[in-house]
Ligand SMILES: [Fe+2]
């Protein structure tokens, strides 16, 4: 099979043409997909009318796929698949309203994510895009002086903040118990780091879960967080994906941040399957 890679945006994003995941892809094709993912940050594979099992098999070529440690909204047959849906569930197990602020999946965990692989099953007739920002470009656009200021700094992350910031009073979310909190204890991460596979520097900052900067006063880190949020989400660093049914999008959480745009009619169903990969390795 010959794959074609076409860029979709000036900052990041490319589509992979010719990938048939209804059969086991050749190692050479998986190598090309892996390299394209590293090169472009976001890969779009259209019309993937595959089974949940086939999506999972593809994801496992890149690392470990494990059930979401906190969110119980799992695929009934494959717990490693997180169901991302605006379905109104009365039992509090849904994902309504998730991901609508800039973030990187699993940023708050010590063992972070490499790839997220999201496949659309139902999408609204209009709206519901996902935006991605390239954090290599954000790093490279910093002045030498600003790099010098940010380089020694470490941010603390805390999953429970999302409940205070965005899920307050929500009855359709699973409640954050001490047991869940213990599965995602606060963690620390440097602001500037080298991507573990490409070696290129990125800004690693997730405004949804960032708590503080080690050794700084609140007024100081609040100012830096505001700058980082504005800087990372500059329009020239962004690719905006307009979903079609059966689009499968694979992104690199180590050099991008993303957010789901909440602009669609909530009476329409938006339903996707996500696999999140940790412990990244070469595709075969
Ligand atoms: Fe996300």
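List of remarks:
- Taking residues in the stretch 165-179 that are within 18 Å of residue 209 (Cα to Cα), and partners anywhere that are surrounded by 14 or more Cβ atoms within 10 Å (Cβ to Cβ) and at pLDDT below 70, the pairs with Cβ atoms closer than 7 Å and at least 6 places apart or on different chains are 167/173; 174/93.
- Only a single criterion out of (1) surrounded by fewer than 18 Cβ atoms within 10 Å (Cβ to Cβ); (2) out of contact with any helix residue (DSSP H, G or I) (no Cβ under 9 Å at 6 or more places or on another chain); (3) outside any strand (DSSP E or B) is not satisfied by residue 243, namely (1).
- Against the numbered list (1) buried (at least 16 other Cβ atoms within 10 Å of the Cβ); (2) free of Cβ contacts under 8 Å to residues at least 40 places away in the same chain; (3) over 16 Å from residue 277 (Cα atoms), residue 78 comes up short only at (3).
- All of (1) at pLDDT 95 or above; (2) surrounded by fewer than 16 Cβ atoms within 10 Å (Cβ to Cβ); (3) over 22 Å from residue 130 (Cβ atoms) hold for residue 32 with one exception: (2).
So that you can scan it fast, the table gives a plain yes or no per residue for (1) more than 19 Å from residue 255 (Cβ to Cβ); (2) crowded, with 17+ Cβ neighbours inside 10 Å; (3) within 18 Å of the chain's Cα centre (by Cα):
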{"site": "140", "(1), (2), (3)": "no, no, no"}
{"site": "166", "(1), (2), (3)": "yes, no, yes"}
{"site": "178", "(1), (2), (3)": "yes, no, no"}
{"site": "203", "(1), (2), (3)": "no, yes, yes"}
{"site": "219", "(1), (2), (3)": "yes, no, no"}
{"site": "228", "(1), (2), (3)": "no, yes, yes"}
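- When residue 254 is tested against the conditions (1) surrounded by fewer than 19 Cβ atoms within 10 Å (Cβ to Cβ); (2) in contact (Cβ under 8 Å) with a residue 40 or more places away in the chain; (3) outside any strand (DSSP E or B), the lone failure is (1).
- Where residue 128 falls short, out of the listed (1) in contact with a helix residue (DSSP H, G or I) (Cβ under 7 Å, 6 or more places away or on another chain); (2) under 21 Å from residue 245 (Cα atoms); (3) within 16 Å of the ligand (Cβ to nearest atom): (1)
- Scanning the stretch 182-203 turns up one or more residues that are more than 16 Å from the ligand (Cβ to nearest atom), under 27 Å from residue 89 (Cα atoms) and in a helix (DSSP H, G or I).
- Any chance residue 61 is away from the ligand (no atom under 14 Å from the Cβ), touching a helix residue (DSSP H, G or I) at 6+ places or on another chain (Cβ under 6 Å) and in contact (Cβ under 8 Å) with a residue 60 or more places away in the chain: yes
- Every residue from the stretch 140-157 that is in a helix (DSSP H, G or I) and touching a helix residue (DSSP H, G or I) at 6+ places or on another chain (Cβ under 9 Å): 146, 147, 149, 150
- Residue satisfying all of: in the stretch 89-111; surrounded by fewer than 21 Cβ atoms within 10 Å (Cβ to Cβ), more than 10 Å from the ligand (Cβ to nearest atom) and modelled with pLDDT of 80 or more; nearest to residue 264 (Cα to Cα) among these: 109
- Looking across 142, 176, one residue alone is at pLDDT 90 or above and closer than 28 Å to residue 217 by Cα. It is 142.
- Flag if residue 233 is farther than 21 Å from residue 186 by Cα, within 15 Å of the ligand (Cβ to nearest atom) and surrounded by fewer than 20 Cβ atoms within 10 Å (Cβ to Cβ): yes
- Qualifying residues in the stretch 10-30 (those that are in contact (Cβ under 8 Å) with a residue 40 or more places away in the chain and assigned to a helix (DSSP H, G or I)) - the one nearest to the chain's Cα centre (by Cα): 30
The values are calculated or read from the model by the stated rules, or taken from the named source; none is laboratory data. Quantities reported herein were computed from a predicted structural model and do not represent experimental measurements. A quick note on method: Cβ atoms are made from the backbone with ideal geometry, for glycine too, and the neighbour counts reach across all protein chains shown.
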